[in-house]
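> Got a structure for you, questions after.
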Amino acid sequence: MHPGKTSLAFIDGSRLITESLVRAGADTFIGYPITPANLLYLYATKRYPTMLAAPDEITTLQWMSGFAIAGHVPVTATSFPGYALMLESINMAAMFELPMVIVLVQRLGPATGTATCGAQGDLSLVHGTLSGGYTLPTFSPSNLNDCWDISAKALHTAIRLRTPVVLLTSKEMVMTLQAFDWSHLAEIETLKVKTFSGSDTYIPYKVDESLVPDFMPVSQNNHAVRLTASTHDTKGFLQNSTPEAIENTKRLEAKVTKHLQEYLLFDLDEQAGAQHLVVSYGISAQASREAVRQLRARGEKVSLLVAKTLLPVSRDYVDIANRYERVVVVEENLTGQLRQLLFGAAGRNGLSGVNAIARMISPSEIVDEVMRKF
Amino acid sequence: MNNVKFLTGGQLPFCKGCGHVAVAQNTEKALQKLDFNPLDVVLVTDIGCHGIVDKNFLTHNVHGLHGRSSALAAGISAGLSNPNKKVIVFTGDGGATIGMQHLVGGAHLGFDMTVVVHNNMLYGMTGGQPSEFTPCGFKTPTLPEGSTKSGYDICELMLAAGAAYVERVVGIGDFSDSLARAFSTKGFSLVEVMEICTSYGVKSNPGMKLPKLVEEAGWKVKVFTEAKQRLFQTPQNSNPTSLLSEKLEVEPKYSGAISKPVSIMLSGSAGEGVQLAAEFLARAAMLSGLYATKKGSYPVTVGVGYSAAEVIISHEPILYTGSPVPDILAITSADGLGYARTAAGRMKGGTIYIDQSLDIPQTGAETVVIPFREKVGAQNSSLYSVFYMVGSQHFFPMEALRDIFMANKISQRVSVDIFMQL
């Protein structure tokens, strides 16, 4: 029997992600169907107050932006081909400073690749989504519990920072059914976008120390709203490259990094005396947890870092890693995208990766790499 | 009619003689005629010369991407869902070309908005290249010999797509009544305003007069349709219920009899119940107090090709849900054999249950040949393989599987007895 629990639910991650996002404050889902994000679309038809089927992914992001401008908090779910189409519109939404969550369910690429095969191949793409080196806060759930907690955090971050946020996951996380004890799931606070309450003139991109401007929907008739995707000043007027406008654009990155500690989430399971650190995220985190369990059962000392907030890249991850002689980064892509984000092309001594495509990485591969003489 | 200003009164940011000025001024006049106030209006602009006029409007203003203004405005309109708000799009012939799908879709779905197409028949902001709206014979700086093809007739396209109101006007003088008719239409309306670019169109086509050009291009200046009733209604799920239903819980009733985690692969054909059988297996394990996971594998095709599922059952919570080397493998079709051959080859022990119609794959596992398909038919063969392996392997009582089966509607059309007889 399950210790201390008589009933388990048999569920997939899509169900928890959807329920969590709605409870956290999302009220609209707009999507174009794509494998392997299908379940998120299906659940959306039942759970969101408003669900719209868009004719393509560019339209999806434009409609989402329109809904956000009208005062809603929209969500979509897609995979690489759809995300690629959304790219320019995500840039627009970031410049408008609109809250929304894009659930990116990774599948095997490049191009249409294999729709029904999971992957972790899009972190570099998400990292480079915004032209000019700006960052979309990006989260990745590492198990079903995270599908609940991290999804809510993603939505809350989108609302608090007024920015598109990416929830980076993959096929097996959102489709595999698992026996799950949901009795301990945390309550989720429903957030609303902070609106301007002053009596003076509303300046759409004026900020206080939070660096996040107050929002006003175009549904109201008291203050003129001016949103501009092109470089603009604090009033929302298109500018070429005036100092004020450039400062406003730079603020997009500053607001995301300034608040990072408020949404930086990771699991750090350190073992005293360990010189090996396994680093992972998303679907490979569970294999990493199992590998660490097996290694410890054999008497090996090993620590584990599971990153849940992937972007902006946290210096904390590098600092933690630098406490170890050996660092093994586990991710389901060809070249080690998180590894490169953390350590760059130069890498560091004692750094290696466990990588695979077209299949899940198994715990035994991780065990072998940790035990390998380096 | 009111006198409320919609324009700031400053100089409009266009070349001398540009038709965009007339569009802005007639828009203000039309809105005044309809007694709107500025903040009743959301003006969504696009990339192109016409788009920079938004700084002169006192309305709500949203300045988006090239060609996407109609989709953005559709989202705003649907998000507002307020008949007292007027959503207006300013786009050019270039933007209309890029965003043609958004225009067709907007007209088709009937979003409550008006699109004003500033058609000056070329790309004015980037040097006067021809657009898809450039008429035959029209010259531009990059096409000095003149276009050899006709331009889009956006009005006919919108008519076909189902727009509620469509009109083409020549953008000279007072056409505010036309705009007012469009603005007051409920649903999707579009007005195409014919213009000629003073910087590139006039210079490349000296002496050409706009009305004559429009006539020779075959573009009719008229109302194409009006007063159609097709209005998009934003769907509202008034009673969304939690996805975390207690029905998803499985309360243990029996006891599992495994000594270590067991990894099971079912491999068969799409449409033969493989995923359902795997789910039954996992649920029956949970009914027996075990943890279980179920991962599906299949090609992108629906209804053809292989279908496989991996089930893990364990007394302990399962972290890694993959199972590259199964302990137990059931193969019920030729498609399934093709997919599972690699896994079978990796097995150094365990058991493979395989349909008698298939050849035995190379494997280190014990193989058991069963007439799954012959006995219960192809459609139930995978389900039968699950009953058979539970009966043979004794992971948990057969009653657990029977209970799960009986709770499913499949039990209404297939007797459980055929599966219980080993």
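> Need the failing condition index for A:L61 against (1) more than 8 Å from chain B (Cβ to nearest Cβ); (2) open to solvent by 10 Å² or more (accessible area, probe 1.4 Å); (3) closer than 12 Å to B:R68 by Cα, just the number.
Tallying (1) more than 8 Å from chain B (Cβ to nearest Cβ); (2) open to solvent by 10 Å² or more (accessible area, probe 1.4 Å); (3) closer than 12 Å to B:R68 by Cα, A:L61 fails exactly one: (2).
> Considering each of B:V44, B:V62, B:V87 in turn, give the residue that is part of a strand (DSSP E or B), farther than 16 Å from B:V191 by Cα and under 31 Å from the mean Cα position of the chain (by Cα).
Details: B:V44 fails: farther than 16 Å from B:V191 by Cα; B:V87 fails: farther than 16 Å from B:V191 by Cα.
Only one candidate qualifies: B:V62.
> Output the residues belonging to segment B:76-126 that are out of contact with any helix residue (DSSP H, G or I) (no Cβ under 9 Å at 6 or more places or on another chain), closer than 26 Å to B:G201 by Cβ and open to solvent by less than 20 Å² (accessible area, probe 1.4 Å).
B:G94
> Can we say A:I34 is under 18 Å from A:L168 (Cα atoms) and either more than 9 Å from chain B (Cβ to nearest Cβ) or in a helix (DSSP H, G or I) (or both)? Break it down into steps so the answer makes sense when it comes.
Numbers: under 18 Å from A:L168 (Cα atoms): yes; either more than 9 Å from chain B (Cβ to nearest Cβ) or in a helix (DSSP H, G or I) (or both): yes.
So A:I34 passes the test.
> Sort through A:I159, A:I150 and tell me the only one that's more than 14 Å from chain B (Cβ to nearest Cβ), within 30 Å of B:E251 (Cα to Cα) and either open to solvent by less than 30 Å² (accessible area, probe 1.4 Å) or in a loop (DSSP other than H, G, I, E, B) (or both).
After ruling out the rest, the residue left standing is A:I150.
> Being open to solvent by 20 Å² or more (accessible area, probe 1.4 Å), at pLDDT 95 or above and assigned by TED's automatic domain parsing to the domain that holds B:L39 is the requirement here; does B:Q129 meet it?
no
> I'm trying to understand the selection: among the residues of segment B:226-254, which are at the interface with chain A (Cβ under 8 Å from one of its Cβ atoms), in a loop (DSSP other than H, G, I, E, B) and under 19 Å from B:F405 (Cβ atoms)?
B:E251, B:P252
> Pairs, please: C-beta under 6 Å, at least 6 apart or cross-chain, first residue in contact (Cβ under 8 Å) with a residue 40 or more places away in the chain and in segment A:37-50, second among the small types (G, A, S)?
Once the first residue is in contact (Cβ under 8 Å) with a residue 40 or more places away in the chain and sits in segment A:37-50, its partners that are among the small types (G, A, S) give A:A37/A:A77; A:A37/A:S79; A:L39/A:S14; A:L40/A:S14; A:L40/A:A77.
> Among what's in segment A:92-105 and is of a type outside the set (A, V, I, L, M) and crowded, with 24+ Cβ neighbours inside 10 Å, pick the residue that is nearest to the chain's Cα centre (by Cα).
Restricting to residues being of a type outside the set (A, V, I, L, M) and crowded, with 24+ Cβ neighbours inside 10 Å, the top hit is A:P99.
> Does B:D153 qualify as being among the acidic types (D, E) and closer than 14 Å to B:A96 by Cα?
Answer is yes for this residue.
> Sticking with this structure for a sec: Within segment A:268-277, can one find any residue that is at pLDDT 95 or above, open to solvent by 60 Å² or more (accessible area, probe 1.4 Å) and within 14 Å of another protein chain (Cβ to nearest Cβ)?
Checked against the condition, which is being at pLDDT 95 or above, open to solvent by 60 Å² or more (accessible area, probe 1.4 Å) and within 14 Å of another protein chain (Cβ to nearest Cβ), segment A:268-277 yields at least one hit.
> Something else: Could you go through segment A:278-290 and let me know if any residue there is within 12 Å of chain B (Cβ to nearest Cβ), in a strand (DSSP E or B) and in contact (Cβ under 8 Å) with a residue 24 or more places away in the chain.
Looking for residues that are within 12 Å of chain B (Cβ to nearest Cβ), in a strand (DSSP E or B) and in contact (Cβ under 8 Å) with a residue 24 or more places away in the chain, one finds at least one in segment A:278-290, hence yes.
So that you can scan it fast, the table gives a plain yes or no per residue for (1) aliphatic (A, V, I, L, M); (2) surrounded by fewer than 22 Cβ atoms within 10 Å (Cβ to Cβ); (3) not in a strand (DSSP E or B):
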{"position": "B:V311", "(1), (2), (3)": "yes, no, no"}
{"position": "B:L319", "(1), (2), (3)": "yes, yes, yes"}
{"position": "B:L329", "(1), (2), (3)": "yes, no, no"}
{"position": "B:I352", "(1), (2), (3)": "yes, no, no"}
{"position": "B:L358", "(1), (2), (3)": "yes, yes, yes"}
{"position": "B:G364", "(1), (2), (3)": "no, yes, yes"}
{"position": "B:S392", "(1), (2), (3)": "no, yes, yes"}
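> Which condition breaks for A:N222 when tested against (1) facing chain B (nearest Cβ under 9 Å); (2) touching a Phe, Trp or Tyr at 6+ places or on another chain (Cβ under 7 Å); (3) open to solvent by 50 Å² or more (accessible area, probe 1.4 Å)?
If we test A:N222 against (1) facing chain B (nearest Cβ under 9 Å); (2) touching a Phe, Trp or Tyr at 6+ places or on another chain (Cβ under 7 Å); (3) open to solvent by 50 Å² or more (accessible area, probe 1.4 Å), just (2) comes out false.
> Considering only segment B:255-281, how many residues are part of a loop (DSSP other than H, G, I, E, B), within 11 Å of chain A (Cβ to nearest Cβ) and open to solvent by less than 30 Å² (accessible area, probe 1.4 Å)?
Qualifying residue count, segment B:255-281: 1.
> So, one more: If we scan segment A:7-30, do we find a residue that is of a type in the set (S, T, N, Q) and more than 11 Å from chain B (Cβ to nearest Cβ)?
No, segment A:7-30 contains no residue that is of a type in the set (S, T, N, Q) and more than 11 Å from chain B (Cβ to nearest Cβ).
> I would also like to ask the following. I'm checking my understanding of the structure. Among residues of segment B:283-294 that are in contact with a helix residue (DSSP H, G or I) (Cβ under 6 Å, 6 or more places away or on another chain) and at the interface with chain A (Cβ under 7 Å from one of its Cβ atoms), which one is least open to solvent (accessible area, probe 1.4 Å)?
B:A292
> If we keep just the residues of segment A:103-130 that are out of contact with any strand residue (DSSP E or B) (no Cβ under 8 Å at 6 or more places or on another chain) and outside any loop (DSSP other than H, G, I, E, B), which is nearest to the other protein chains (Cβ to nearest Cβ)?
Applying the filter and picking the extreme gives A:L130.
> In segment A:71-91, which residues are open to solvent by less than 10 Å² (accessible area, probe 1.4 Å), in contact with a Ser or Thr (Cβ under 6 Å, 6 or more places away or on another chain) and facing another protein chain (nearest Cβ under 10 Å)?
The one that is open to solvent by less than 10 Å² (accessible area, probe 1.4 Å), in contact with a Ser or Thr (Cβ under 6 Å, 6 or more places away or on another chain) and facing another protein chain (nearest Cβ under 10 Å): A:P74.
> While we're here: Filter segment A:184-208 for residues that are open to solvent by 40 Å² or more (accessible area, probe 1.4 Å) and either within 11 Å of chain B (Cβ to nearest Cβ) or over 19 Å from A:P99 (Cα atoms) (or both) and give the result.
Within segment A:184-208, A:H184, A:A186, A:E187, A:S199, A:D200, A:T201 meet the criteria.
> What single numbered condition from (1) open to solvent by 10 Å² or more (accessible area, probe 1.4 Å); (2) outside any strand (DSSP E or B); (3) within 20 Å of B:G391 (Cα to Cα); (4) not charged (D, E, K, R) fails to hold for B:V325?
The single condition B:V325 does not satisfy is (3).
> For residues in segment B:90-113 being of a type in the set (G, A, S) and in a loop (DSSP other than H, G, I, E, B), which is nearest to the other protein chains (Cβ to nearest Cβ)? Before you say what the answer is, go through the steps one by one.
Step one: list which residues in segment B:90-113 are of a type in the set (G, A, S), which gives B:92, B:94-96, B:99, B:105-107, B:110.
Narrowing further to those that are in a loop (DSSP other than H, G, I, E, B): B:99, B:110.
Working: B:G99: 9, B:G110: 14 Å.
Taking the candidates together, the pick is B:G99.
> Is it the case that B:S415 is of a type outside the set (A, V, I, L, M, F, W, C), assigned to a helix (DSSP H, G or I) and either in contact with a Phe, Trp or Tyr (Cβ under 6 Å, 6 or more places away or on another chain) or open to solvent by less than 80 Å² (accessible area, probe 1.4 Å) (or both)?
When the stated conditions are applied, B:S415 does not pass them.
> Of everything in segment A:296-309, what is touching a His at 6+ places or on another chain (Cβ under 8 Å) and surrounded by 15 or more Cβ atoms within 10 Å (Cβ to Cβ)? Give them in sequence order.
Correct list: A:E300, A:V302, A:S303.
> Report whether or not B:T234 is more than 30 Å from B:S382 (Cβ to Cβ) and within 35 Å of the chain's Cα centre (by Cα).
Considered against the rule, which asks whether it is more than 30 Å from B:S382 (Cβ to Cβ) and within 35 Å of the chain's Cα centre (by Cα), B:T234 comes out as yes.
> Considering only segment B:42-55, state which residues are farther than 20 Å from B:Y123 by Cβ and either within 8 Å of another protein chain (Cβ to nearest Cβ) or open to solvent by 10 Å² or more (accessible area, probe 1.4 Å) (or both).
B:V42, B:K55
The values are calculated or read from the model by the stated rules, or taken from the named source; none is laboratory data. Bear in mind that the values here come from a model prediction, so they are computed numbers and not experimental data. Positions of Cβ are generated from backbone atoms using ideal geometry, with glycine treated the same way; all protein chains shown enter the neighbour counts. The accessibility values were calculated without ligands, DNA or RNA, using every heavy atom of the protein model including side chains. Shrake-Rupley method; radii C 1.70, N 1.55, O 1.52, S 1.80 Å.
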